[in-house]
Amino acid sequence: MTHYSNNSGFTIWFTGLSGAGKTTLSHAVHEALRDRGVLNVEILDGDIVRTHLSKGLGFSKPDRDTNIRRIGWVCQLLTKHGVPNMAAAISPYRDVREEVRKMVGRFVEVYVKCSISVCESRDVKGLYKQARTGEILHFTGIDDPYEEPLNPEVIVETDKENIEQCTQKIMTKLEEWGYL
Ligand code: ADP
């Protein structure tokens, strides 16, 4: 098939609780894409973005929204210029995710679903413990909301499916949507 436009860009938007597996899966998909010859893929990881692009922002709703809009803006630019990209950020609010979806266009929302108890038992960064003792306030899933996607392109259940299965599910969806 001949592609007359240069649009090989798309955004994979991972959303889910802390410890659900967004970062892990973004790296796994990155590798799977590389194996398919898709190079120059950019990952915007929420934790890293908060150290530069969104430095100084906190975790109130307005600050979280600003953070997500900034990430979404960069995703939109990359997608427009044909660079496949992924965002891995909790992005707890449905309305802003929808805003970003509209802005980006070629957008695959992946709901990284995992029970809070499993996320908490993983406690990858030790944050749940701190949230439980009150050292961290406004922690998503503990004392701050998480709004599940209503119509995501993909749902991966990381407390039931392993990393390979989740990655395959995402790759299959990219093929179905004609992005690969
Ligand atoms: P997040 O980016 O959502 O905060 P991380 O990717 O940092 O989460 O951590 C998820 C943890 O769960 C990792 O230690 C990872 O190895 C583990 N894990 C177990 N099963 C899965 C799975 N199916 N998908 C992704 N991560 C998984």
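General remarks:
- For the chain, adding -39500 (n - 2.57) for each run of n ≥ 4 DSSP H residues and dividing by the number of residues yields -12500 deg cm²/dmol at 222 nm.
- Across q = 0.20, 0.24 Å⁻¹, the stretch 49-93 modelled as identical point scatterers on its alpha-carbon atoms has Debye log10 I(q)/I(0) values of -0.63, -0.84, in the order of the q list.
- Per residue, the stretch 1-145 exposes an accessible area of 50 Å² to a 1.4 Å probe, with every protein chain left in place.
- Close Lys pairs in the stretch 36-163 (alpha-carbon distance under 21 Å; sequence gap of 8 or more, or different chains): 6.
- Of all accessible heavy-atom area on the chain, the percent that carbon and sulfur account for (1.4 Å): 53
- Ranked by the mean number of other Cβ atoms within 10 Å of their residues, highest first, the peptides 50-58, 10-18, 85-93, 70-78 fall in the order 10-18, 85-93, 70-78, 50-58.
- Student exercise, the stretch 47-165 dipole from Lys, Arg, Asp, Glu Cβ charges, in Debye to nearest 20: 500
- Applying 1/(1 + (r/R0)^6) with r as the Cβ-Cβ distance of R132 and K61 and R0 = 25 angstrom yields a FRET efficiency of 0.70.
- What the Cβ-Cβ distance of I48 and R122 gives, at R0 = 22 Å and to the nearest 0.05, is a FRET efficiency of 0.65.
- The rule of thumb for compact globular proteins, 2.2 N^0.38 Å, goes into the C-alpha radius of gyration of the stretch 1-119 1.06 times.
- The spread of Cα positions in the stretch 30-180, taken along each principal axis and listed from longest to shortest, comes to 46, 33, 27 Å.
The values are calculated or read from the model by the stated rules, or taken from the named source; none is laboratory data. No experiment lies behind these values; they were computed from the predicted model shown. All Cβ positions, glycine included, derive from the backbone under ideal geometry; neighbour counts span all protein chains shown. These accessible areas exclude ligands, DNA and RNA; they are computed on the full protein's heavy atoms, side chains included. Shrake-Rupley method; radii C 1.70, N 1.55, O 1.52, S 1.80 Å.
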